[in-house]
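The values are calculated or read from the model by the stated rules, or taken from the named source; none is laboratory data. The model shown is predicted, which means the values in this text are computed figures rather than measured ones. Ideal geometry is used to build each Cβ from the backbone, glycine not excepted, and the neighbour counts take in all protein chains shown. Calculation scope for accessible area: heavy atoms of the full protein, side chains included, ligands and nucleic acids excluded. Shrake-Rupley method; radii C 1.70, N 1.55, O 1.52, S 1.80 Å.
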Amino acid sequence: MRVLKILMVFLLSVTLCFTFGMSSSMAAGSVKVGIVLPLTGAQAKFGEVEKLSFDLALEEINAAGGINGKKLELLIEDDTGRPEVGRSVVEKLITKDKVVMLGGGYSSSVTYAVAGVCQQNAMPFLVNTGSADKITTSGWDWIYRLNPPASHYADAVESLLVATIKPKSVAILHENSLFGTSGAKAFEKTCNNLGIKVLLKQGYEHGGIDYRPVLTQIKRLNPDIIYMVSYIMDASLLMKQSREMKLTPKMFIGGAGGFTLPEFVENAGKASDKVISATLWHQVLPFPGAMDYYNKFVAKYNRDTEYHGAEAYAACYVIADVLKRAKSFGNTDIKKALSETDLMTVFGQVKFGTWGKMINQNKADTYVVQWIDGKLEMVWPEKASTKKFEYPVDWLKVWGY
Amino acid sequence: MDVLIQTLVAGVLIGGIYCLIGIGMSLIMGVMGIINLAHGQLMMVAMYITFVLSSYMHVDPYFSLIVAMPALFLLGCFLQKYLLNPLMKIDSILPENQVLMTVGIGMVLAEICRFIFTSDYKTVQTSYGGEAFFIGNISFNLPMCIAFIFAIVITLALFWFLAKTDTGRSIRATAQDKEAATLMGVNSTRITIITFGLGSALVASAGSLLIPIFYLFPDIGGPFTLKAFVICILGGLGSTVGAIFGGLTLGIAESLGATYVGMGYKEMVGFVIFVIALVFLPGGLVGIKRLIKS
């Protein structure tokens with residue numbers, strides 16, 4: 001028994017020495033930043049695009065000299081798309097890995113939970129995708145957000161509606177998540193302001209097989225436009241089943257989320273054509289490096305990227321810029337540097353400010369894209385467009401009836 | 001009126017697939033008296049088999065039934081023989097341990113699939129995937145109609161098997177009274193193995209039929225296990241006929257709920273029915289029949 005005890009103590013002390021030795025030697029040569037993303041689970045698709053973009057940017061930053069001679073190191077943790085897992089991995093990043101700041105944040109629900117932890121621990125957190133409004137309206141001063149909030153996703157769609165489609169009525173469908181609900185609520189408000197009648201606003205549980213019942217209802221109401229805030233698979237199923245039911249409003253509008261991904265056209269097939277969607281970024285935008293980023297990504301990983309990737313890529317450059325300017329890697333110095341950020345990225349100008357009820361929120365424009373013959377084309381605002389907005393659409397002909 | 005009919009059509013069509021999912025679980029429940037909580041995960045495995053066959057070998061999802069069903073039959077037999085039966089033999093272990101074992105099996109299956117296929121969503125694109133035909137104003141989705149017909153054929157085949165073959169009769173005998181069946185010379189261990197295989201094959205067919213309509217990822221099993229459980233309770237534990245009614249009732253109730261209550265409450269409607277069935281109809285729909293008889 002005693003021998004066993006001695007052996008245990010010995011083993012324990014060896015492991016302790018080893019871990020301490022490891023972490024101190026690593027800290028000398030690099031700056032550690034924690035990134036939290038969904039790499040498995042239902043949202044893994046998006047998390048992966050973001051992770052690859054972070055990797056791409058990290059490589060470039062370190063090749064160009066890193067952070068004032070030190071290497072930037074990203075500790076990318078998997079939140080599996082669940083808030084409770086997000087909380088625990090972030091707690092681990094803060095207490096065990098001793099990261100200097102945090103980045104990432106994909107789903108709104110997870111990001112909101114993570115942001116709470118960061119606020120408690122006075123840890124600067126640069127959100128790049130989690131878009132529910134309350135992440136920056138909760139009065140949390142340690143949380144900075146690069147992407148526009150969900151309530152502003154539809155800004156460009158709004159101007160397109162006023163200019164071209166001029167609808168009288170709308171039906172809104174959204175998934176029952178923090179992102180879906182706040183997106184739908186914001187669009188309902190927009191419609192009320194524009195004098196468009198909201199005939200139906202309904203949430204649905206993510207992952208349904210059959211949306212025909214609700215689509216039948218919409219068909220009877222016959223709205224001018226159908227606005228949907230859905231992720232990728234629901235988006236494809238909704239469009240496929242709309243086609244089956246010959247549901248023909250003036251326009252189908254995706255409120256960001258799954259409607260801009262290559263998988264959408266792959267899965268929905270013919271039913272995806274001519275659908276428009278709000279988006280936050282497209283490679284043709286006149287930002288320095290936007291097209292470069294797209295080309296580099298496609299060349300390196302042999303797959304497509306979209307606005308989520310651009311957000312992550314830009315966020316990585318913002319993090320590097322902030323760390324370069326920070327007087328020290330203490331949390332207050334990093335926070336000060338974050339507040340003073342004024343950087344041009346592939347995602348546009350990044351500058352955090354307080355506007356509306358939001359604190360430390362970057363102001364970014366939104367855009368409208370349309371699927372034209374299987375390709376995603378920028379159609380609005382006109383000055384940034386690559387193709388003319390196709391409208392009105394003869395759906396039955398497009399769908400091959 | 002159109003809305004109501006369209007809702008009912010959607011409910012009945014999806015109900016057909018629910019039947020297949022429920023019958024398998026009901027069969028296992030009836031013969032072994034255990035709840036198979038890996039049921040949805042077994043379906044997921046069948047879906048991946050179908051996916052691999054059609055994406056890499058270009059086998060039509062409906063033809064892959066011929067592969068997926070026997071494959072899952074063997075998998076089910078294997079699970080029962082080497083993982084569940086050994087638990088049954090040990091007296092000191094509670095029967096609940098078998099249920100816990102099925103939970104474990106489900107987790108392992110899901111993680112193995114995640115390991116092989118990652119968490120990405122997969123779909124199988126077929127030429128008929130989005131086809132629909134119209135009768136009046138009512139739209140009928142072609143793959144769902146085909147799935148419904150398959151569900152009827154498979155269910156009839158199952159009933160024929162249970163009623164006419166020796167093995168089928170042994171299964172029914174074991175379900176009614178295991179002790180008596182054993183005394184009459186039924187090899188009950190063999191029967192449990194076959195039953196688990198049969199249940200797995202049935203849910204496999206549901207998986208293959210869902211492929212042209214739905215998508216798949218490793219975590220898809222969980223919700224379907226829950227659905228199967230609700231169907232079993234609704235139909236009366238262990239009753240295969242009850243499972244058919246249970247499946248159709250759940251499908252129609254969900255559709256009606258989605259149309260008239262709200263799409264977001266679709267799942268809730270199912271569970272409200274579940275609770276009502278437990279409180280007022282503990283014997284399930286089959287219980288009504290017994291009530292009328294007595």
If A:R212 meets every condition in (1) surrounded by 24 or more Cβ atoms within 10 Å (Cβ to Cβ); (2) of a type in the set (K, R); (3) in contact (Cβ under 8 Å) with a residue 60 or more places away in the chain apart from one, which number is that one? (3)
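Got a sec? Which strands (runs of 3 or more DSSP E) wholly within region A:199-292 have at least 3 residues that are within 14 Å of chain B (Cβ to nearest Cβ)?
Working: elements: A:225-230, A:251-257, A:276-279.
Result: A:225-230.
Going by the structure shown, is B:Y260 within 14 Å of another protein chain (Cβ to nearest Cβ), open to solvent by less than 10 Å² (accessible area, probe 1.4 Å) and hydroxyl-bearing (S, T, Y)? Give the steps one after another, and end with the answer.
Working: within 14 Å of another protein chain (Cβ to nearest Cβ): yes; open to solvent by less than 10 Å² (accessible area, probe 1.4 Å): no; hydroxyl-bearing (S, T, Y): yes.
In short, no.
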Top-ranked residue in region B:263-277 [being out of contact with any strand residue (DSSP E or B) (no Cβ under 6 Å at 6 or more places or on another chain), at the interface with another protein chain (Cβ under 10 Å from one of its Cβ atoms) and not aromatic (F, W, Y); ranked as least open to solvent (accessible area, probe 1.4 Å)]: B:K266
Picked from region B:1-44 (must be under 16 Å from the mean Cα position of the chain (by Cα) and at the interface with another protein chain (Cβ under 9 Å from one of its Cβ atoms)), the residue farthest from B:F229 (Cα to Cα) is B:L13
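Matching residues to (1) at positive phi; (2) assigned to a loop (DSSP other than H, G, I, E, B); (3) touching a residue at least 40 places away in the same chain (Cβ under 8 Å):
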| position | (1), (2), (3) |
| --- | --- |
| A:M344 | no, no, yes |
| A:Q349 | no, no, no |
| A:G353 | no, no, no |
| A:N360 | yes, no, yes |
| A:A364 | no, yes, yes |
| A:Q370 | no, no, yes |
| A:M378 | no, no, yes |
| A:K383 | no, no, no |
For region B:86-126, name all the residues that are away from chain A (no Cβ under 14 Å), closer than 30 Å to B:L209 by Cα and open to solvent by less than 80 Å² (accessible area, probe 1.4 Å). B:Q98, B:V99, B:M101, B:T102, B:V103, B:G104, B:I105, B:G106, B:L109
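Going through region A:319-329 one residue at a time, which ones are in contact (Cβ under 8 Å) with a residue 60 or more places away in the chain and open to solvent by less than 40 Å² (accessible area, probe 1.4 Å)?
Taking region A:319-329 and keeping what is in contact (Cβ under 8 Å) with a residue 60 or more places away in the chain, we get A:319-320, A:322-324, A:329.
Within region A:319-329, A:I319, A:A320, A:V322, A:L323 meet the criteria.
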Please work out if B:I149 is more than 9 Å from chain A (Cβ to nearest Cβ) and open to solvent by 70 Å² or more (accessible area, probe 1.4 Å). yes
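Among the residues that make up region B:128-140, is at least one of them among the small types (G, A, S) and more than 28 Å from B:L248 (Cα to Cα)?
Taking region B:128-140 and keeping what is among the small types (G, A, S), we get B:129-130, B:132, B:136, B:139.
So of that shortlist, the ones also more than 28 Å from B:L248 (Cα to Cα) come out as none.
Checked against the condition, which is being among the small types (G, A, S) and more than 28 Å from B:L248 (Cα to Cα), region B:128-140 yields no hits at all.
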State whether one or more residues within region A:151-166 are among the hydroxyl-bearing types (S, T, Y), free of Cβ contacts under 8 Å to residues at least 24 places away in the same chain and open to solvent by 10 Å² or more (accessible area, probe 1.4 Å). no
Within region A:344-362, count every residue that is surrounded by fewer than 16 Cβ atoms within 10 Å (Cβ to Cβ) and modelled with pLDDT of 90 or more. 5
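Scan region A:81-116 residue by residue and report those that are under 18 Å from the mean Cα position of the chain (by Cα) and in a helix (DSSP H, G or I).
Going through region A:81-116, the residues under 18 Å from the mean Cα position of the chain (by Cα) turn out to be A:81-83, A:86, A:102-115.
Selection gives A:P83, A:G86, A:S108, A:S109, A:V110, A:T111, A:Y112, A:A113, A:V114, A:A115.
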Considering every residue within region A:154-171, establish whether at least one is within 23 Å of B:Y260 (Cβ to Cβ) and within 14 Å of chain B (Cβ to nearest Cβ). yes
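Report yes if A:V393 is closer than 16 Å to A:T260 by Cβ and touching a residue at least 12 places away in the same chain (Cβ under 8 Å), otherwise no. Talk me through it step by step, then tell me what you get.
Details: closer than 16 Å to A:T260 by Cβ: no; touching a residue at least 12 places away in the same chain (Cβ under 8 Å): yes.
So A:V393 does not fit the description; no.
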I want to confirm something. Restricting to region A:179-219 and keeping residues that are under 19 Å from A:G257 (Cα atoms) and small (G, A, S), which single residue is farthest from the chain's Cα centre (by Cα)? A:G208
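If you check B:Y62 against the conditions, is it of a type in the set (S, T, Y) and more than 15 Å from the chain's Cα centre (by Cα)? Full working, then the answer.
Working: of a type in the set (S, T, Y): yes; more than 15 Å from the chain's Cα centre (by Cα): yes.
It is true that B:Y62 is of a type in the set (S, T, Y) and more than 15 Å from the chain's Cα centre (by Cα).
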Against the condition in a helix (DSSP H, G or I) and either without any contact (Cβ under 8 Å) to a residue 12 or more places away in the chain or of a type in the set (G, A, S) (or both), how does B:G242 come out, does it pass? yes
Could you tell me which residue of region A:41-89 is nearest to A:A132 (Cα to Cα), considering only residues that are within 14 Å of chain B (Cβ to nearest Cβ) and of a type in the set (D, E, K, R)? A:R82
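Can you work out which of the residues in region A:133-150 that are crowded, with 23+ Cβ neighbours inside 10 Å and in contact with a Leu (Cβ under 7 Å, 6 or more places away or on another chain) is farthest from A:C191 (Cα to Cα)? Please lay out each step first, then the result.
First, pick out the residues of region A:133-150 that are crowded, with 23+ Cβ neighbours inside 10 Å: A:135-136, A:143-147, A:149-150.
This time we only want the ones that are in contact with a Leu (Cβ under 7 Å, 6 or more places away or on another chain), so: A:144, A:146-147.
Working: A:Y144: 29, A:L146: 26, A:N147: 23 Å.
In this case the residue turns out to be A:Y144.
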Close pairs (7 angstrom Cβ cut-off, 6 or more residues apart or separate chains): free of Cβ contacts under 8 Å to residues at least 12 places away in the same chain and assigned to a helix (DSSP H, G or I) in region B:191-213, open to solvent by 10 Å² or more (accessible area, probe 1.4 Å) and of a type in the set (D, E, K, R) anywhere: none
From the list B:F245, B:F280, pick out the single residue that is farther than 21 Å from B:V99 by Cα and either surrounded by fewer than 21 Cβ atoms within 10 Å (Cβ to Cβ) or within 14 Å of chain A (Cβ to nearest Cβ) (or both). B:F280
Only residues in region B:127-143 that are within 8 Å of another protein chain (Cβ to nearest Cβ) count as the first member; pair them with residues that are assigned to a loop (DSSP other than H, G, I, E, B) and open to solvent by less than 40 Å² (accessible area, probe 1.4 Å), Cβ under 7 angstrom, at least 6 apart or cross-chain, and list the lot. B:G129/B:P212; B:S139/A:M245
